[in-house]
Every structure is written in structure tokens, then in C-alpha cells.
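Asker: Next up is a structure, given as C-alpha cells.
Rule-based calculations on the coordinates, nothing more; no lab input. Keep in mind the model is a prediction, meaning the values are calculated, not measured. For neighbour counting, all protein chains shown are included, and Cβ atoms are generated from backbone atoms with ideal geometry for every residue, glycine included.
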Amino acid sequence: MNERLANIKQEILDGIEKRANSRAEAFELRKQFLDSKVGAIGQLMKEMRNIAPEERAAFGKNVNELKEWATAKFQELDELMKKRELEKRYASEKIDVTMPAEQIKNGNLHPITQMRNQLIDVFSGMGFDIYEGTEIENDYYNFTALNTPKDHPARDMQDTFYLSPEFLLRTQTSAGQIHVMEKRKPPIKILSPGRVFRSDDDATHSPMFHQMEGLVVDKKITLCDLKGMLDMFVQKIYGEGTTTRLRPSYFPFTEPSVEVDVSCFECGGKGCKLCKGTGWIEILGAGIVNKKVLENCGIDSEEYSGLAFGIGIERTAMLKYGINNIKTLFESDVRVLDQINDN
Ligand code: PHE
């Protein structure tokens, strides 16, 4: 019998050496010897009754000793396997903190969107609401109601994409002025950003571009209010110390009409390449809303007056970011777009 005990002990030692390469295998091996039902050591206990009574006590003691020894051995084995598995995991999860980090590429808003947002920020700070009109307009809103009836020569200023004799792609956000004045009573103070379309294509013109219309209608609105607002706008966008200058111009829907120049923010007015030596850069068209336009919308032009301005978003952005071809803004070249992050 003692020989059997010795064999079992040897089998355990062999098993540990050859068959236990993981915690799971060690567990299976343990079961083979120590499981209360099928384990080899448990089986020995069941054979007690076949042993001669005088040897029974000694046999029982030996079996118990073997069981304790095996239990300790498997415990030790399990600890060892646990340690090895951890080591393996640590090795496989090792991080080399000296490796160069992977570059994370963050996108940014398109320059036109950035400029649009900046303009909206400036003017909403002055109390302007946003009104977004539609890109398809009819002839009345885009021209006739803006005091530009059919055959008016000023229609030539904006080469129009007609969709039908009646409908067209709006050539100016000014069309939104009429919608707003038809629907709301003064005081009105709206800003209307959006796409406009003209059949025009060169380094500074694109068939599709963006404008931002401003309209204020209230009692006693004058050119001084316009100048005050525009000065504030150019200072916020082009830096403190920038001023504006108004030059007489012509738009059918404003009277008087002005062309607005900004003092050159590149040279401070001394004259440089950007301002072509003049110290001034033309930035937008504006004026006092023509009485006829107010009347077309049912607003009493004796009681109320208005001011309007139309800012070209591309032009404002090109000047600010030093872009000299408008196409650059539509080519989506990330090497360019990456450099313009003004938010
Ligand atoms: N709508 C004019 C244009 O597109 C700009 C403008 C707007 C002029 C408002 C005066 C008043 O050229």
C-alpha cells in the first residue's frame, strides 16, 4: 500500500513538472488527485476497509499526510502559475513611454464659417437678430421691391442666374430686408447671413459667395448710426485703431448710398501694397434705406428711417487672413485651412 502512496506522490511531482503550464492546467491536475469524488487520494480513503485492522491507523495517517503534502504542493503551484501569468501580462502590456506620440489631427472651422461667426458675434453684441432668408428668390424680392424694377440699369451690376422668368438665385442678401420689413413692425434690427449667386468669376469673384446683410429700421436712424456701428465692427475684426470712411456711391435701395472703406490695418494708413498706396481698403456697400423701399413694405417713411449694409464675407476674410485669390477659400486644401484658426 505504501508503494501506492509513493507512486501517487511521484505522479504528482511528474505532473507538476510536465503538465502544469498554466493556472487552468494546474487546476485540472489538482482535481485529478484531490477532487473529493474522483481524485486519486480520495479513492485511497475508500479503500480503508480493505486494509487489515491493525494497519488501518498507520495507513490513514499516511494518506492524510499525503493529502496535506499534495494540498500544499498544489497551493504552491497555483501561486507560481499566478505569478507567471501576471509576468506574461505585464510583459505584453508594457508601454514604452519614450516612443513618439501619435499625432492627433484636430479639424477646425472653415475660414468663411469662422468669419461668419465672428461677424455674428460682433453684431449680436449690438442687439441684432439673425434672419436667414432663402437662396431661391423671386424677381420681386431680389430686385423690384428693392427699387430695382425690370429694365432698371442697376440690374446690370449683378449678373443674375435666372431659374425661370420669375425665379432666380438671389444675387444679394438684401432680398431678406423686404421679407423682414413685410413681416415685422419697427424697431427692426436684423443681420442676415447667407449664400448669394452671380455669374461672375475671377481672382476676387466667385459665382457663389457669402454676404451678411444688416438692416436697422427705427425712428431717427441716420448715417451717424451706420458709421458708429461700422467703426465698432472694423475695430473688432481688424483691430483697435481701425476706422472707416464713407464715400458717396449708388444703390437703388439706399439713398444716400455709400461705399465704406476701412483704414489699412496692414500699414496703419501710410500706404502699402495691400491698400495700393492709398491707406484705405474698400470693404462694403451701405446707405440709408430708400423711402420707396420702406413704402413698398408698408412702413411709414415719414415716421421711420433705416440703415442697411451688405458685407462680403469672403472679402472680409481674404483681407483679414491675407488671401489674394477667392478660389483658395473653395479648394479645401488642408495645408491652407490648417493655417487659419482664429476661434
Ligand atoms: N446688396 C448690395 C450688394 O450686394 C450691398 C448693399 C447692401 C448696399 C445694403 C447697400 C445696402 O452689392
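Asker: How do the peptides 67-75, 332-340 rank, highest first, by the average count of neighbouring beta carbon atoms within 10 Å per residue? Don't skip to the answer; put the middle values down first.
Answerer: Details: 67-75: 14.7, 332-340: 12.3.
Highest-to-lowest ranking by the protection proxy: 67-75, 332-340.
Asker: Which residue, ILE281, ILE16, ILE221, tops the fluctuation ranking in a GNM of the chain built on C-alpha contacts under 10 Å?
Answerer: ILE16
Asker: Separate question: Taking 8 Å as the Cα distance limit and 6 or more residues as the minimum spacing, I'd like the relative contact order of the range 1-113 as a percentage. Each step should come with its number before you reach the end.
Answerer: Values: 58 pairs, mean separation 28.5, N = 113.
Reported relative contact order: 25 percent.
Asker: Right, something else. Counting pairs of alpha carbon atoms under 8 Å apart in space and at least six apart in sequence, what relative contact order in percent does the range 271-321 give?
Answerer: It rounds to 35 percent for the range 271-321.
Asker: Sequence-distant or interchain residues sharing an amide H contact under 5 Å with VAL196, placed H: which?
Answerer: PHE209, HIS210, GLN211
Asker: Right, next: Select from THR98, THR148, THR173 the residue whose mean-square fluctuation is largest in a Gaussian network model of the chain (Cα-Cα springs shorter than 10 Å).
Answerer: Greatest mean-square fluctuation among the candidates belongs to THR98.
Asker: Something else now. Tally Lys/Arg at +1 and Asp/Glu at -1 over every other residue whose Cβ is under 11 Å from the Cβ of THR243; what's the total?
Answerer: Details: positive: LYS227, ARG245; negative: ASP231, GLU240, ASP261.
Net charge in that neighbourhood comes out at -1.
Asker: Counting C-alpha atoms alone, how compact is the range 234-343: give Rg to one decimal and Dmax as a whole number, in angstrom.
Answerer: 17.3, 54
Asker: At a Cα cut-off below 27 Å, give the lysines reachable from LYS291, other chains included and same-chain residues fewer than 8 away excluded.
Answerer: LYS150, LYS183, LYS185, LYS189, LYS219, LYS220, LYS227
Asker: Any of LYS31/LYS73; LYS18/LYS83; LYS236/LYS292 with alpha carbons more than 23 Å apart? Name them for me.
Answerer: On the way: LYS31/LYS73 13 Å; LYS18/LYS83 18 Å; LYS236/LYS292 33 Å.
Exceeds cut-off: LYS236/LYS292.
Asker: How high is the relative contact order of the range 187-239, in percent, with contacts defined as C-alpha pairs under 8 Å that are six or more residues apart? If you can, show how the numbers build up before the last one.
Answerer: Details: 50 pairs, mean separation 18.9, N = 53.
The value is 36 percent.
Asker: For the chain, count all C-alpha to C-alpha pairs, find those more than 39 Å apart, and express that count as a whole percent of the total. List each step's numbers first, then the result.
Answerer: Values: 26948 of 58653 pairs.
Counting pairs separated by more than 39 Å, the tail of P(r) holds 46 percent.
Asker: Something else about it: So, counting K/R as plus one and D/E as minus one, what does the shell of residues with Cβ under 12 Å around PHE167 add up to?
Answerer: Details: positive: ARG170; negative: GLU135, GLU137, ASP139, GLU166.
Surrounding charge for PHE167 is -3.
Asker: Per q in 0.12, 0.15, 0.18, 0.19 1/Å, what log10 I(q)/I(0) does a Debye calculation on the alpha-carbon atoms of the range 82-183 return?
Answerer: Here the Debye-derived log intensity ratios amount to -0.63, -0.83, -0.99, -1.03.
Asker: Got a sec to turn the phi values of the range 244-256 into Karplus ³J(HN,Hα) couplings, 6.51 cos²θ - 1.76 cosθ + 1.60 with θ = phi - 60°, whole Hz, x for Gly and Pro?
Answerer: 10, 9, 9, 10, x, 8, 9, 9, x, 9, 10, 7, x
Asker: Pull out a ≥ b ≥ c, the square roots of the eigenvalues of the alpha-carbon gyration tensor of the range 161-307, then state rounded if a/c is under 1.5, prolate if not and a/b is larger than b/c, and oblate in the remaining case.
Answerer: Numbers: a/c = 2.30, a/b = 1.29, b/c = 1.79.
Taking the square roots of the gyration eigenvalues as a ≥ b ≥ c, the range 161-307 is oblate.
Asker: Further, regarding this structure: Check cross-link reach from LYS276 to the lysines: straight Cα distance under 21 Å, and skip same-chain residues fewer than eight apart.
Answerer: Result set, ordered by chain and number: LYS320.
Asker: Just to confirm a number: summing +1 for Lys and Arg and -1 for Asp and Glu over residues other than ILE51 whose beta-carbon lies under 15 angstrom from that of ILE51, what do you get? Show your work: numbers first, answer last.
Answerer: Numbers: positive: ARG4, LYS46, ARG49, ARG56, LYS61; negative: GLU3, GLU47, GLU54, GLU55.
Net of charged neighbours comes to +1.
Asker: In whole Hz and in residue order, list the ³J(HN,Hα) couplings for the range 143-158 that follow from phi through the Karplus curve 6.51 cos²θ - 1.76 cosθ + 1.60, θ = phi - 60°; x for Gly and Pro.
Answerer: 10, 4, 5, 8, 6, 10, x, 3, 6, 5, x, 5, 5, 5, 5, 10
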